[in-house]
Amino acid sequence: MADMDTEARPVLVPGGNKTRPVKPVPSKPISKPSNQQMMKSKDPIDPITKNPSSPISNPRSIPKKKEVSRRRNLSLDGSCSSEASIDSFCSRPSSGSTSKSRCAYSVTQPKKEVGKKADIGKEEKEMVSAVSQEFVEVKRRCSWVTANAEPCYVAFHDEEWGAPLHDDRKLFEILVLSSALAELTWPVILTKRHIFREVFMDFDPVSVSKLNEKKLVAPGSPARSLLSESKLRSVIENSKQILKIIEEFGSFNRYIWGFVNNKPIVSRFRYPRQVPIKTSKAETISKDMIRRGLRCVGPTVVYTFMQVAGLTNDHLVSCFCFGMSV
C-alpha cells in the first residue's frame, strides 16, 4: 500500500488532464495534552463550594502556583475550624500562624472536656465516700429491729429495752405493758403509750389502786380501747399487791432486783434464735408473784418484763446497746 501511494496518478485539474506525482502527507503523532493545558482548558472545581464560578476556581484569580497552594491551605484551615465561614477564608488569606492556632484549638478543646469529666469524677467519688461513711456510721441493732421499724420502736430499743430500771412507777408501767403483749404488739403499745399513762394515772400504784373498776371497764371508756376487761381488772389488782410488796421490802425495785442479786444477767447471745421466751429465773419470779396475788404474770410475761427493765441483758453482742448495758 505504501508503494501505491508513492506512485504518480492522474489528477483532473483546470489546466488539463496532466499527470503529476502526488507527495505523501506525513502523519503527525497524536500528543496528549499536558496537565497545565487541562487546567487552563477546564475550570477547576472548588473543593469547598463545588462551584466552578467561585473565586478559587477562576483561572484569572490564580496567576501562580503559590496562590493555588495558598488556597488549598485555606481549605485545610476550614476543616480545622468549624467556627470560620467559607466567605472569610475566600476573602482573606490566612497566615500559617492563624491556621495553626485554629488547629490547636480543635486539639485542645477535648482536653477541657476531659478536665470537666475529671471534676465530675471527683464529685462522684466524694458523694460515694460520703454515702459509704453514712453506712459505716449506721448503728447495728438487734435483728428484731428492722429497717422498716417505726421510729418509736427504734427509740424504745435504743433507749429503754435492756436499760436497768430502779423506779417503782417505771417498773410497774413495764409490767403492765409486758402483760398487754398478749393482746397487742410493741409498736401498737408504744403508739398508745400516752393513753396508757392517762388512764392509769402515770402508773402510780396508789392512784391506780383507787380507780373504780366499773367506770374503768365500762363500754366507751378510754381504757376499753386499750385492753380487754380482764386485763384492766388485773392492772388494778396488781397495783394493790405491789403496794403490799412495797410495805414488805421498802420498794418494788428492791423486791424485783433481789431475784438477780441486784446485778443484770448478761446473756451474750450472738444469734436471735438463742434468745429464749422464758427462763428458769422468770419462772421463779412468776411463781412468787402469783403466790402474792398478782395476775397475768406468767413466765413469758415476766421474762419480757426482765428484758425491758434490764434485769437481763438480751441485746445481741453485735448490737451497739450490748456494751452500754454491761
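The values are calculated or read from the model by the stated rules, or taken from the named source; none is laboratory data. Keep in mind that what you see is a predicted model, and the values were worked out from it rather than measured. Here Cβ is always computed from backbone atoms with ideal geometry, including for glycine, and neighbour counts include all displayed protein chains. Side chains are part of the model used for accessible areas, which takes the heavy atoms of the whole protein and leaves out ligands, DNA and RNA. Shrake-Rupley method; radii C 1.70, N 1.55, O 1.52, S 1.80 Å.
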Of the residues in segment 176-235, those that are among the hydrophobic types (A, V, I, L, M, F, W, C), in a loop (DSSP other than H, G, I, E, B) and surrounded by fewer than 17 Cβ atoms within 10 Å (Cβ to Cβ) come to Leu181, Ala182, Leu184, Ala218
Any hit, segment 209-224, residues being modelled with pLDDT under 95 and either of a type in the set (Asp, Glu) or closer than 28 Å to Arg141 by Cα (or both): yes
With the first residue restricted to segment 258-281 and required to be on the phi > 0 side of the Ramachandran plot and at pLDDT 95 or above, and the second required to be loosely packed, with under 15 Cβ neighbours inside 10 Å and of a type in the set (Val, Ile, Thr), Cβ contacts under 6 Å at 6 or more apart or on different chains are none
Any idea how many residues of segment 258-297 are buried (at least 18 other Cβ atoms within 10 Å of the Cβ) and over 25 Å from Cys321 (Cα atoms)? 6
Check Arg254 against each of (1) open to solvent by 70 Å² or more (accessible area, probe 1.4 Å); (2) farther than 24 Å from Trp186 by Cβ; (3) not in a helix (DSSP H, G or I) and name the one condition it does not meet. (3)
What do you reckon, is Val188 of a type in the set (A, V, I, L, M) and out of contact with any Leu (no Cβ under 9 Å at 6 or more places or on another chain)? yes
In segment 301-320, what residues are of a type outside the set (A, V, I, L, M, F, W, C) and surrounded by fewer than 18 Cβ atoms within 10 Å (Cβ to Cβ)? Ser318
